[in-house]
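Since every read-out is calculated from the coordinates, none of them should be taken as a lab result. Quick caveat: nothing in here was measured; it's all calculated off a predicted structure. Note: ideal-geometry Cβ built from the backbone for every residue, glycine included; neighbour counts use all protein chains shown.
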Amino acid sequence: MSNSKTFSFKKNNRRAFTLIELSIVLIIIGLLIVAITSGSSLIRNAKLRSITNEAKQYQVAVNSFFMKFDKYPGDFDESLGGDSVQGTGDDIIQWHTSGDINEGSNTWLQLIAAGILPTDIRSSMTTAEMMDATSRTLRPNTHFPPSAENSAGWIFNSRPDNNVTINYVQLVKSFTSQFEGGELDSPAIDGTAGGSLTATDAYSIDNKNDDGVRNSGDIREVFTITTGAGNDCDSADDVTATNNYDLDNQTADVCSLAFKVTIN
């Protein structure tokens, strides 16, 4: 009997990728990366346009009110009915006046009472909460109307600039009710201090629609943030030191943009 072994050789059909096939795969991967990056950029730009459009909508609303009553909403010193109250009539929209009238919130109530903005702009907010400017923590959708972006919201306020007080609408997140000279001051909340935008996004909005300078023009960053180095919208971590946005800070929401309300 033969003890010889029989060996079976099977043809191996596996083969390596050719250089052409590898090139095609790399091209496809590159196209996917470009598509993803472009998609992220489109989403970001759409978000920034949405914020700008909201600010313009409220600027137009204030203009419409002024054309109708020759006074700023919130500050208007006559009764409009509804939940609105009379302001002081000094052409300055103050968040909180000596008469305990929160004109910043009253602006929304008077714009609604005048039929310029729809009632759903205030969603489920109560008048008592909106007018309570002394609340320890002020939050969007409770004390002021929310924005469609960034879990933030809009407030009306005023700020002195070269001996002239300017009214503006400002995008903020939650903040404490501390004020100094018409400017929100040191509103530290959860380490972000009320900021609603990264420095890069704030600069993008400012640069496309105004002068790109942090503390001048019709769009400016006005929060004084004092939670420590790296937590400021300003490149020097000192709001009085430079006009530049801290463009190295691209992740933290440390900027709060204010849009000047100009009567045309």
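Mind scanning 56/208; 47/260; 47/68; 71/173; 68/208 and naming the pairs with a C-alpha gap bigger than 25 Å? Result: 47/68; 71/173; 68/208 exceed 25 Å. When peptides 196-204, 247-255, 118-126, 25-33 are ranked by their average number of other Cβ atoms within 10 Å per residue, the highest-first order is 196-204, 247-255, 118-126, 25-33.
For residue 152, nonlocal amide neighbours, meaning residues 5 or more places apart or on other chains whose placed amide H falls under 5 Å from its own, are 147. Restricting the calculation to Cα atoms, every distinct pair contributes to the Kirkwood radius of segment 83-127, found to be 10.9 Å. Shape of segment 30-75 from its Cα gyration tensor (a ≥ b ≥ c, root eigenvalues): rounded if a/c is under 1.5, otherwise prolate when a/b > b/c, or oblate? Prolate.
How about segment 23-119: which GluC sites (Glu not before Pro) there are in a DSSP loop, with at most 12 other Cβ atoms within 10 Å of their Cβ? Here the sparse-neighbourhood loop sites are 78.
Sort out for me the Cα centre separation of segment 69-111 from segment 113-142, rounded to whole Å. So the two Cα centres are separated by 13 Å.
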